[in-house]
């Protein structure tokens, strides 16, 4: 892959990632500006809370696909090394978090990052999903699941796979995800964080 090919692939990945799915669905089908509702985030969780489970599920699927398609831009010129999927996929992650269509605002990088991870390392994708689902079943908090999933990938890539490219990128994304969840962290410690209507945490809160 030449520098020219790399730049074009990265730009295409960014354009895929920058599609503000939650924002457009809210505007077109619900006449609501999701940037002004809930957390002001365009991602899956805020879409679930402000628009409902159907649009939330649609946003989740599309945001995952944005990461997958973004990473795939690395291979449009022919066979490519595995590292290129992760590096080019960063374009999609940047697009999702800083969308050119909505004033460079966006989501928290979770679903799109997981889509990129699926192409780069299916085993790490599985680990992230298991950590995410297990955490939600225990705490009923999506925010904890998101932060734990990124943390697990960072630790496993460093101490199990010894994949320093993934470790470096995962660490940067983990720091970014924790920063984007700073409001959630405050609510977790205050006991006011929103819970999904299932899981042990939700059940205990209703006793």
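Read-outs throughout are calculated quantities, based only on the coordinates presented, and are distinct from any laboratory measurement. As the structure is a prediction and not an experimental result, all values here were calculated from the model. A quick note on method: Cβ atoms are made from the backbone with ideal geometry, for glycine too, and the neighbour counts reach across all protein chains shown.
Under the rule of -39500 (n - 2.57) per DSSP H run of 4 or more residues, summed and divided by the residues of the chain, what mean residue ellipticity at 222 nm is obtained, to the nearest 500 deg cm²/dmol?
Estimated from H runs of four or more residues: -22500 deg cm²/dmol.
Students often get this wrong: which residues of the stretch 1-27 have the backbone nitrogen under 15 Å from the point 7 angstrom along Cα-to-C-beta of residue 104?
The answer is 18.
Take each of the peptides 109-117, 52-60, average the number of other beta-carbon atoms within 10 Å over its residues, and list them starting from the highest.
Ranking the peptides 109-117, 52-60 by packing returns 109-117, 52-60.
State the extension gain, in nm to one decimal, for the chain segment bounded by residue 129 and residue 57, taking 0.36 nm per residue of separation less the distance between their alpha-carbons.
Length difference between fully extended and current span is 24.3 nm.
If I model the stretch 1-107 as equal point scatterers sitting on the Cα atoms and use the Debye formula, what is log10 I(q)/I(0) at q = 0.10, 0.12, 0.19 Å⁻¹?
After summing over all Cα pairs, the log10 values are -0.30, -0.41, -0.82.
Mind jotting down the three principal axis lengths of the stretch 121-207 based on Cα atoms? Whole angstrom, largest first.
That gives 44, 23, 15 Å along the principal axes, largest extent first.
How are the alpha carbon pair distances in the chain distributed across 10 Å bins from zero to the largest one, expressed in percent?
Per 10 Å bin, starting at zero, the Cα-Cα P(r) for the chain comes out as 9, 34, 36, 17, 3, 0, 0 percent.
In nm, what is the difference between 0.36 nm times the number of residues separating residue 160 and residue 192 and their Cα-Cα distance?
Length gained between residue 160 and residue 192: 7.9 nm.
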